[in-house]
Amino acid sequence: METFELTDGVVVLRAPGPADVDRIDALCQDPAIQEWTTVPSPYTREDAESFVTGYVADGWARGTTLNWAVRDAADDTLLGMVGLGMEGTGSAEIGYWLAPEARGRGLMSRSVELVLDAAFGRLGLVRVFWRAFVGNGPSRAVAERAGFRVEGELRLGGVQRGVRRDDWVGSLLATDARPRRVGARSPAAASGNGR
């Protein structure tokens, strides 16, 4: 699959490349990212290189995992990551993380909205699901703002670096009503351009 870009004029989502390795390495040192995601810990520059040149590149090439770097549209600063792990038969899992200095500004909510527009539009998915380790309130808030229905808790349902943890799970169907921010653009207007 060819990579494609998404934007709403405030954030730009673009597949990360080799120039982003140092920034990804720096951001993944954040204790909250290490606590709530499955990134390696400790996180090294080699992990960032492998992520960009291996996991991201291979995922796009195979159409199995689509990862975008969340960037500030004003200056192109990489602020986080959002991705879809394709499950086949019209389903994918969404995941995301954001730099500490970018939190609380609605940037991840904007990014998730763009990815969902693409998931249910361009990609033709019928279902996107979300999961987060129990206690990750910011991730849950983003999911709920996007319209995900939190369906429950899976006891020891997730694995983080070889240790089982409880998970929250939720889903959003293409047919579900999704809240829109005041002044939000339509999915067609925000779909971005191909790359």
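The values are calculated or read from the model by the stated rules, or taken from the named source; none is laboratory data. These numbers come from a predicted model, not from an experiment. Positions of Cβ are generated from backbone atoms using ideal geometry, with glycine treated the same way; all protein chains shown enter the neighbour counts. To get the accessible areas, we keep the full protein, side chains included, count just its heavy atoms, and leave off ligands, DNA and RNA. Shrake-Rupley method; radii C 1.70, N 1.55, O 1.52, S 1.80 Å.
Of the candidates ALA99, ALA48, the single residue that is more than 15 Å from the chain's Cα centre (by Cα), aliphatic (A, V, I, L, M) and surrounded by 14 or more Cβ atoms within 10 Å (Cβ to Cβ) is ALA48. Taking GLY158 as the residue in question, decide whether it is within 21 Å of MET1 (Cα to Cα), in a strand (DSSP E or B), touching a Ser or Thr at 6+ places or on another chain (Cβ under 9 Å) and not β-branched (Val, Ile, Thr). No. When the stretch 138-161 is filtered for residues that are in contact with a Lys or Arg (Cβ under 7 Å, 6 or more places away or on another chain) and farther than 26 Å from ALA102 by Cα, the ones remaining, listed by number, are LEU156, GLY158.
Which residue is nearest to LEU173 (Cα to Cα), if the candidates are limited to the stretch 69-82 and must be open to solvent by less than 20 Å² (accessible area, probe 1.4 Å) and either assigned to a loop (DSSP other than H, G, I, E, B) or in contact with a helix residue (DSSP H, G or I) (Cβ under 8 Å, 6 or more places away or on another chain) (or both)? Per the stated criteria, the residue is VAL82. For VAL169, the criteria (1) surrounded by 20 or more Cβ atoms within 10 Å (Cβ to Cβ); (2) in contact (Cβ under 8 Å) with a residue 40 or more places away in the chain hold in every case but one, which is (1). Look through the stretch 86-112, keep the residues that are more than 24 Å from CYS28 (Cβ to Cβ) and either touching a strand residue (DSSP E or B) at 6+ places or on another chain (Cβ under 7 Å) or in a helix (DSSP H, G or I) (or both), and return whichever of them is modelled with the lowest pLDDT. Looking at the filtered set, the residue picked out is GLU87. For the criterion of being farther than 16 Å from ASN67 by Cα, open to solvent by less than 60 Å² (accessible area, probe 1.4 Å), polar (S, T, N, Q) and modelled with pLDDT of 95 or more, SER139 passes. The set of residues from the stretch 107-122 being within 14 Å of VAL82 (Cβ to Cβ) and open to solvent by 30 Å² or more (accessible area, probe 1.4 Å) comprises just one member, ARG110.
Could you check LEU66 against (1) open to solvent by 20 Å² or more (accessible area, probe 1.4 Å); (2) at pLDDT 95 or above and say which number it fails? In the conditions (1) open to solvent by 20 Å² or more (accessible area, probe 1.4 Å); (2) at pLDDT 95 or above, LEU66 misses (1) alone.
For the stretch 143-151, the criterion of being open to solvent by less than 80 Å² (accessible area, probe 1.4 Å) and farther than 22 Å from THR7 by Cβ is satisfied by at least one residue.
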